[in-house]
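Working notes for the structure below.
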Amino acid sequence: LIQLFIPLNALGFVYREIRQALVNVERLFGLLNEPPLVTDAEDAEPLEVRKGEVRFENVHFAYQAARPILHGVSFEIPAGHKVAVVGASGAGKSTLARLLFRFFDVDDGRIVIDGQDIRSVTQDSLREAIGVVPQDTVLFNDTLYRNLAYGRPGATEEEVHRAAKLAHLEQFIESLPDGYQTPVGERGLKLSGGEKQRVAIARVFLKNPPILILDEATSSLDTVSEQVILEALREVSEQRTTLVIAHRLSTVQDADTILVMADGRIVERGDHQQLLAVDGRYAELWNRQQKSGEAESSPDQED
Ligand code: ATP
């Protein structure tokens, strides 16, 4: 009987994980009540990630035909590089992430990973290759351990512990009387924004995808958590092709390239120093944030 029970139990867990994965991803992109809009092509092949280079080629996109959102966006993220997108609220930053994850198909142009148009590959293989650290991570009602292990079903205990350590969660977990077995989620211990983000980072370490989307939190954290998170984010994005959606400017300074978006177009691009030297829109955002103190200021709110 026990032998029968265990697989059923495991099945229940897998089912819950899958359901939760969908909820997480949909919430991440703010799309909870939308029907799926893309389907696999009949001859779709699994994505073959060789280096992990991402290219947006002249991408046009509208959620509704009457209101174009992206107007010919082109950029490249060389394998292992980090590109950050900044700009006013509504400029189209998160839309880039949704399109890379293929929640929607582009209207014109294409998005290519290692030479493969993402419309020609299976969605499963595409999403397998992309890790996401969302703004607000949803935890399900289960132990902290299970919430972490969900990054890669089948991970060993040692792997889960290692991921938690890499995400700078170890100290926090040690401080809990029940440690990894602490129930979390809506009916359990409530984690702070920074702790939840570190859970998401640990999941990415476990999943170990070649491509990463970081959706920076809009709300500010206290300075200590912010430093820990920035450190963990830097580490998790190392060696991965990373697209950072930056609603504030705290994670962009070390990006290889920063794209400044306005009204669905890239209006400036370069690294932090180059953009400051140009003394344009980025420099204006930066100076404004410096003046009012990073913690309070957000380009989202002020443009
Ligand atoms: P923020 O920093 O505030 O998150 P953003 O630059 O990420 O902004 P997007 O979320 O990409 O902006 O949105 C770009 C535009 O697309 C906005 O005008 C928004 O209203 C519109 N938009 C976003 N999602 C949808 C949707 N699901 N349906 C229709 N319009 C949408």
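The values are calculated or read from the model by the stated rules, or taken from the named source; none is laboratory data. What you see is a predicted model; the values in this text were computed from it and never measured. With ideal geometry, Cβ positions are generated from the backbone for all residues, glycine too; neighbour counts draw on all protein chains shown.
Give 103, 61 a once-over and let me know the one that is outside any strand (DSSP E or B) and within 14 Å of the ligand (Cβ to nearest atom).
Unique residue meeting the criteria: 103.
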For residue 237, indicate whether it is more than 16 Å from the ligand (Cβ to nearest atom) and over 27 Å from residue 129 (Cβ atoms). no
Show the residue pairs meeting these rules: Cβ distance below 7 Å; 6+ apart or different chains; first residue within region 161-177 and at negative phi; second residue polar (S, T, N, Q). 176/182
For the condition closer than 30 Å to residue 256 by Cβ, at pLDDT below 95 and of a type in the set (Phe, Trp, Tyr), what is the one hit in 29, 75? 29
Considering only region 136-165, how many residues are touching a Pro at 6+ places or on another chain (Cβ under 9 Å) and not in a helix (DSSP H, G or I)? 3
Checked region 250-263 for anything buried (at least 22 other Cβ atoms within 10 Å of the Cβ) and either charged (D, E, K, R) or within 12 Å of the ligand (Cβ to nearest atom) (or both); matches are 259, 260, 261
Given (1) closer than 19 Å to residue 264 by Cβ; (2) aliphatic (A, V, I, L, M); (3) more than 16 Å from the ligand (Cβ to nearest atom), number of the condition residue 118 does not satisfy: (1)
Meets criteria (in contact with a strand residue (DSSP E or B) (Cβ under 6 Å, 6 or more places away or on another chain), among the hydrophobic types (A, V, I, L, M, F, W, C), touching a residue at least 40 places away in the same chain (Cβ under 8 Å) and assigned to a loop (DSSP other than H, G, I, E, B)) for residue 255: yes
Considering region 114-161, residues that are modelled with pLDDT under 95 and among the acidic types (Asp, Glu), and then whichever is surrounded by the fewest Cβ atoms within 10 Å (Cβ to Cβ), we arrive at 124
Could you grab me the full set of residues in region 194-223 that are modelled with pLDDT under 85 and surrounded by 17 or more Cβ atoms within 10 Å (Cβ to Cβ)? 216, 217, 220, 221
Being closer than 20 Å to residue 252 by Cβ, within 16 Å of the ligand (Cβ to nearest atom) and of a type in the set (Lys, Arg): is that true of residue 93 here? yes
